[in-house]
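Undergrad: Provided herewith is a single structure, encoded as structure tokens, for subsequent inquiry.
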Amino acid sequence: MTGLLVRPATPADFAAVAALTVAAYEADGQLKGEHGYAEVLADVTRRATHGEVLVAVDEATGRLLGSVTFVLPGSPYAELSGPGEAEFRMLAVDPAAQGRGAGAALARACVDRAAALGCSAVVICVRSGFAGSAHRLYERIGFVRTPEKDWAPVPGVELLGLRLDLLAGQS
């Protein structure tokens with residue numbers, strides 16, 4: 001999308017990233033009955049210490065539209081990634097900015113980052129029953145369901161594993 005810039009978050013962005021991420025998860029209904037996950041989402045300083053926080057901004061206004069955290073195996077935020085795989089977490093788009101391409105731009109930036117680092121794949125998880133638009137976005141990018149990566153961090157929260165092979169067709 002023109003007019004959209006994806007860049008690394010700076011400490012000056014952290015408060016806005018925290019508010020946007022919590023608002024996006026709340027708007028999607030993913031924080032109902034949750035205990036403590038909003039605080040994890042809001043701790044952007046810790047995420048930036050253990051991964052790369054990227055933001056999508058409107059180039060004309062400078063308004064923050066979305067964010068994501070990119071991690072490698074061994075990070076405290078890595079849930080699924082194994083050797084050679086990258087992962088991204090907490091992709092969130094401001095509910096008022098949905099449909100402008102920020103989510104796709106952030107996901108593609110993570111895929112590009114993983115490829116630049118020589119990773120063989122990108123793995124992610126999505127919550128079962130939520131974020132239908134996110135499921136469709138990831139499918140369009142080429143992620144495929146990987147049931148062996150499914151897991152449940154707490155009872156009642158089922159996460160579905162998805163994988164994008166970055167080396168398909170290469171030799």
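The values are calculated or read from the model by the stated rules, or taken from the named source; none is laboratory data. Values in this document were obtained by computation on a predicted structure and should not be read as measured data. Every residue, glycine among them, receives a Cβ derived from its backbone with ideal geometry; neighbour counts consider all protein chains shown.
Undergrad: Being out of contact with any Ser or Thr (no Cβ under 9 Å at 6 or more places or on another chain) and modelled with pLDDT of 95 or more is true for just one of Leu65, Leu106, Leu54. Which residue is that?
TA: Leu65
Undergrad: Taking segment 86-109 as the region of interest, how many residues are farther than 14 Å from Leu54 by Cα, part of a helix (DSSP H, G or I) and of a type in the set (A, V, I, L, M)?
TA: Residues that pass the stated criteria total 2.
Undergrad: Which members of segment 72-109 meet the condition of being charged (D, E, K, R) and either touching an Asp or Glu at 6+ places or on another chain (Cβ under 9 Å) or surrounded by 17 or more Cβ atoms within 10 Å (Cβ to Cβ) (or both)?
TA: Restricting attention to segment 72-109, the residues satisfying the condition of being charged (D, E, K, R) are 79, 85, 87, 89, 94, 100, 108.
The answer is Glu79, Glu85, Glu87, Arg89, Asp94, Arg100.
Undergrad: Within segment 110-124, track down each residue that is surrounded by fewer than 20 Cβ atoms within 10 Å (Cβ to Cβ) and either modelled with pLDDT under 95 or not in a loop (DSSP other than H, G, I, E, B) (or both). Quick ask: steps written out before the conclusion?
TA: Within segment 110-124, the first condition is being surrounded by fewer than 20 Cβ atoms within 10 Å (Cβ to Cβ), and the residues that meet it are 112-113, 115-118, 120.
Of everything in segment 110-124, those that are surrounded by fewer than 20 Cβ atoms within 10 Å (Cβ to Cβ) and either modelled with pLDDT under 95 or not in a loop (DSSP other than H, G, I, E, B) (or both) turn out to be Asp112, Arg113, Ala115, Ala116.
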